[in-house]
1. Check which residues have an amide H placed less than 5 Å from His80's amide H, if you skip close sequence neighbours.
2. Provide the FRET efficiency to the nearest 0.05 for the Glu140-Glu56 pair, computing r from the beta carbons and using R0 = 51 Å.
3. Normalised by the number of residues in the chain, what is the relative contact order in percent for Cα pairs under 8 Å and 6+ residues apart?
4. For the chain, find the longest principal axis of its Cα atoms and tell me its angle to the long axis of helix 156-166, 0 to 90°, nearest 10.
5. Work out from phi, with θ = phi - 60° and the Karplus expression 6.51 cos²θ - 1.76 cosθ + 1.60, the ³J(HN,Hα) of each residue of the range 229-242, listed in order in whole Hz, and give x for Gly and Pro.
6. Post the alpha-carbon centroid distance, the range 140-155 to the range 64-110, in whole angstrom.
7. Rounded to whole Hz and in sequence order, give me ³J(HN,Hα) for the range 208-222 from the Karplus expression 6.51 cos²θ - 1.76 cosθ + 1.60, θ = phi - 60°, writing x for Gly and Pro.
8. Relative contact order of the range 110-150: what whole-number percent is it, with Cα pairs under 8 angstrom and at least 6 residues apart?
Amino acid sequence: MEEDILYHFSLGTKTHNLPEMFGDIKFVCVGGSANRMKAFAQFIHQELSLPGNPGEIQDICEGTDRYCMYKVGPVLSISHGMGVPSISIMLHELIKLLHHAQCRDMVLFRLGTSGGVGLPAGTVVITDKAVDYSFQPKFEQVVLGKVITRSTELDEGVSNELLQYSTEIPNLPTVIGTPCAPTIFMKVCQGRLDGALCSFSNEDKLEYLRKAYDAGVRNIEMESAVFAAMCRVCGLKAAVICVTLLNRFEGDQITSPHDVLVEYQQRPQVLVSHFIKKRLGLI
Ligand code: R2B
Ligand code: URA
């Protein structure tokens, strides 16, 4: 392409010098919420002891309100919204951005939230592979009316490194597990009884969760399957780190107080920050 406009980032190959802006990126961190990814960028700024005021970091995508993006030294922090369509649009533009910027040897992380399956709230789950609604490690997409199936395995080396670092951090209960990532809506596809519509019983729900647990599923969220599939097919090293907000065997509604949920959501950030500092030789 003579020119590539990354419309949802408000960036382009003719309007911006992408190699100069992004060429030194080594760690790309994505997560659903714009505020959380801004907080992560500010946290990493402090953790890496970078010059300047973390409170003044600029949203690179401020020309659009679709996603937010912050660059902090070699770390890029981006929001992706909720669900497969939203994260897919972001990932297509992100992967092209990294290509245009000639970035090399990066690691990508999804830092997220999830419902635990047999795990207490606050547990950090590092993903080995994401599974679909039938607990298969695949992501299916319809392209030109045909189903394309892609593998959802993540980088084993990065996941094991993260697990090892988790033991060095206090109060960070962490496991390696499989998230179930049904591609559609949180309430129905995750077997919740509290949707506006619900066509199954509590027994049906518990039976589904038990089957999931027996298949190795330890949490349920919405984006890791497409994230894993796209990174894998593009040859990018990637990991998914999601904290559980509740144990789905015990309920469907997220009832923990706000401050407790905020602390839970910092746990994946603390782990990824530790990984980045280790890789940079800062600790
Ligand atoms: C986890 O949390 C969100 C839904 O509440 C969704 O983005 C996900 O995967
Ligand atoms: N995010 C989800 O997708 N499901 C949950 O249960 C909690 C957070």
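What follows is calculated from the coordinates using simple rules that are stated; it is not laboratory data. Here the structure is a predicted model, which is why all the values come from computation and not from measurement. Note: ideal-geometry Cβ built from the backbone for every residue, glycine included; neighbour counts use all protein chains shown.
1. Under 5 Å from the amide H of His80 lie the amide H atoms of Gly31, Gly32, Ser33, each far enough along the sequence or on another chain.
2. 0.70
3. Relative contact order, the chain: 23 percent.
4. Compared with the principal axis, the helix lies near 80 degrees.
5. My calculation for the range 229-242 gives 5, 5, 5, 5, 5, 9, x, 9, 6, 8, 9, 10, 10, 10 Hz in order.
6. Comparing the Cα centres of the range 140-155 and the range 64-110, I get a distance of 20 Å.
7. Values, residue by residue: 5, 5, 5, 4, 4, 4, 5, 7, x, 6, 10, 7, 10, 8, 10 Hz.
8. 20 percent.
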